[in-house]
1. Checking A:His17 against (1) open to solvent by 50 Å² or more (accessible area, probe 1.4 Å); (2) within 30 Å of A:Val216 (Cβ to Cβ); (3) within 14 Å of DNA strand C (Cβ to nearest atom): exactly one of these is not met. Which one?
2. Working only within the range B:108-138, note down all residues that are under 14 Å from the mean Cα position of the chain (by Cα), of a type in the set (A, V, I, L, M, F, W, C) and either facing chain A (nearest Cβ under 10 Å) or surrounded by fewer than 16 Cβ atoms within 10 Å (Cβ to Cβ) (or both).
3. If I filter the range B:139-165 down to residues being at pLDDT below 75 and open to solvent by 60 Å² or more (accessible area, probe 1.4 Å), which single residue comes out as nearest to B:Trp94 (Cα to Cα)?
4. Mind listing whichever residues of the range B:68-98 are within 16 Å of the chain's Cα centre (by Cα), among the acidic types (Asp, Glu) and either assigned to a helix (DSSP H, G or I) or surrounded by 22 or more Cβ atoms within 10 Å (Cβ to Cβ) (or both)?
5. Give the range B:21-32 a look and list any residue that's within 12 Å of DNA strand C (Cβ to nearest atom) and farther than 18 Å from B:Thr4 by Cα, or say none.
6. Within the range A:166-217, track down each residue that is buried (at least 16 other Cβ atoms within 10 Å of the Cβ) and at positive phi.
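The values are calculated or read from the model by the stated rules, or taken from the named source; none is laboratory data. Remember, predicted model here, so these are calculated numbers, not experimental data. Cβ: placed from backbone, ideal geometry, glycine included. Neighbour counts: every protein chain shown. The accessibility values were calculated without ligands, DNA or RNA, using every heavy atom of the protein model including side chains. Shrake-Rupley method; radii C 1.70, N 1.55, O 1.52, S 1.80 Å.
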Number of protein chains: 2
Amino acid sequence: MIQTTSEENYLKTIFHHTGIGNQSVTTNDIAATLGTKAASVTEMLKKLAAQKLIRYKKYNGVTLTDSGKQQALLIIRKHRLWEYFLVEKLKFSWDEIHEVAEQLEHIQSDALVERLDSFLENPKFDPHGDPIPDKKGIIINTDSQKLIDLSEKKEAIVNLVSDQPELLRHLSKIGISLGSKLKVLEKIPFDNSMLLQINGKSKVQVSADIAKNIRVQI
Amino acid sequence: MIQTTSEENYLKTIFHHTGIGNQSVTTNDIAATLGTKAASVTEMLKKLAAQKLIRYKKYNGVTLTDSGKQQALLIIRKHRLWEYFLVEKLKFSWDEIHEVAEQLEHIQSDALVERLDSFLENPKFDPHGDPIPDKKGIIINTDSQKLIDLSEKKEAIVNLVSDQPELLRHLSKIGISLGSKLKVLEKIPFDNSMLLQINGKSKVQVSADIAKNIRVQI
DNA sequence: TTATAAATTTAGTCAAACCTAAAAAATAAA
DNA sequence: TTTATTTTTTAGGTTTGACTAAATTTATAA
């Protein structure tokens, strides 16, 4: 499951274009960001698709799978933790650190990341003010809200879900995952449950207990 | 003048075989250390020779040029500084750090190395007791040895002590300082502690933990 | 001192990640 | 709706650093 540095850079770039939702990004945009040519991007997209890290259909742009999103977030976690280290401990200024962090983010060692995180006392934001994903790849978003508070007819993107394994299992069963677009079709006052439409397709009923544990972003 | 990771690994391996002198090392020995095949080594040797980092004559083994030696020492400097960081700051044990340091040593940034060195307060030895070359690639006399390795009845001069302030305070309290002449009167197998005579006068008992952190020269 | 063995180099392949040029598909304009 | 333009993909190359197999050189032993 370990990516090459190049594969990691592609994942990161795709994530930066598509964000936490399931938006797509074009071959040319990826090439422009990475400073490579479109032809090279196409080749790499095939490799990433074969590993089920992205969804790729010819001439159609790409989106990250849950697995790809997870990988990207963990690389971003490393990048931002190292940036924090460089500024807070080594006294670099915030504008000198990017290039070095680009290298450090590719060091492969789970133990290293976790110990670095502890050593730095679990910072939540990097020196540029961007949030640092936690070890599960969950990223704070201050303008997120609980699904239960979303009003009827409104749409939002699933941002954070609590890390209870049972809840996660249930959600994946009914087709909700990080980045899903939810529309509130109806709120049932009797039990505060909600009728939702997922990604403009399937409809599903969720209890208030569940809706309290999902955070979404408009 | 920047080397690839692979070139850096070859330089480092050659240095570890040839040392600070101008000894030579064979193709096969390099291959064995790196886990590659002799044919691959031959190819790389040509590249390094073209950069004047090694002296290479077919079928004749290689030696490092001054420039190659310098490069190798700076890589070793990085490796050992990162090892020190991993143990002293991130609390890894000394036997878990090698693999990660192998990756970190290839990060390219002069500023990073110098700031890391300052942050660590310019350590002179890594957690395995090996000396850390300074920024010019100058390495402390490698034929100094750890006091703990000195055998009974032998005498030696204190060369360097680790820079832990507490240790330094303790040593000055019992009368050991840079340049003191120590004679090993007795080694106690039970706890590896040592009974020493200092400058032919006072006797003192030091624990194994202390004896590991003092370097002496015969 | 010749025959055998070991070490080293050469020659030819391969995979990864890039490239250019040409073909194909999708999009925009006439 | 055809034509033109842009985007994307395919096809064929290049470089780096590895490989195997065969050839060459050096070292060892009978």
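1. (3)
2. B:Ile138
3. So, considering only residues that are at pLDDT below 75 and open to solvent by 60 Å² or more (accessible area, probe 1.4 Å), the one nearest to B:Trp94 (Cα to Cα) is B:Gln164.
4. Applying the first criterion (within 16 Å of the chain's Cα centre (by Cα)) to the range B:68-98 yields B:69-87, B:94-95, B:97-98.
Next cut, among the acidic types (Asp, Glu) only: B:83, B:95.
Of everything in the range B:68-98, just one residue is within 16 Å of the chain's Cα centre (by Cα), among the acidic types (Asp, Glu) and either assigned to a helix (DSSP H, G or I) or surrounded by 22 or more Cβ atoms within 10 Å (Cβ to Cβ) (or both), namely B:Glu83.
5. Taking the range B:21-32 first, the residues within 12 Å of DNA strand C (Cβ to nearest atom) are B:24-32.
B:Ser24, B:Val25, B:Thr26, B:Thr27, B:Asn28, B:Asp29, B:Ala32 - these are the residues of the range B:21-32 that are within 12 Å of DNA strand C (Cβ to nearest atom) and farther than 18 Å from B:Thr4 by Cα.
6. A:Gly179
Listed here are the residues, each with its yes/no results for (1) under 27 Å from the mean Cα position of the chain (by Cα); (2) of a type in the set (Asp, Glu).
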position: B:Leu167; (1), (2): yes, no
position: B:Lys181; (1), (2): yes, no
position: B:Leu185; (1), (2): no, no
position: B:Asp191; (1), (2): yes, yes
position: B:Met194; (1), (2): yes, no
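Conditions tested, residue by residue: (1) farther than 29 Å from A:Ile176 by Cβ; (2) of a type in the set (Phe, Trp, Tyr).
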{"site": "A:Glu8", "(1), (2)": "no, no"}
{"site": "A:Leu11", "(1), (2)": "no, no"}
{"site": "A:Ala32", "(1), (2)": "yes, no"}
{"site": "A:Tyr59", "(1), (2)": "yes, yes"}
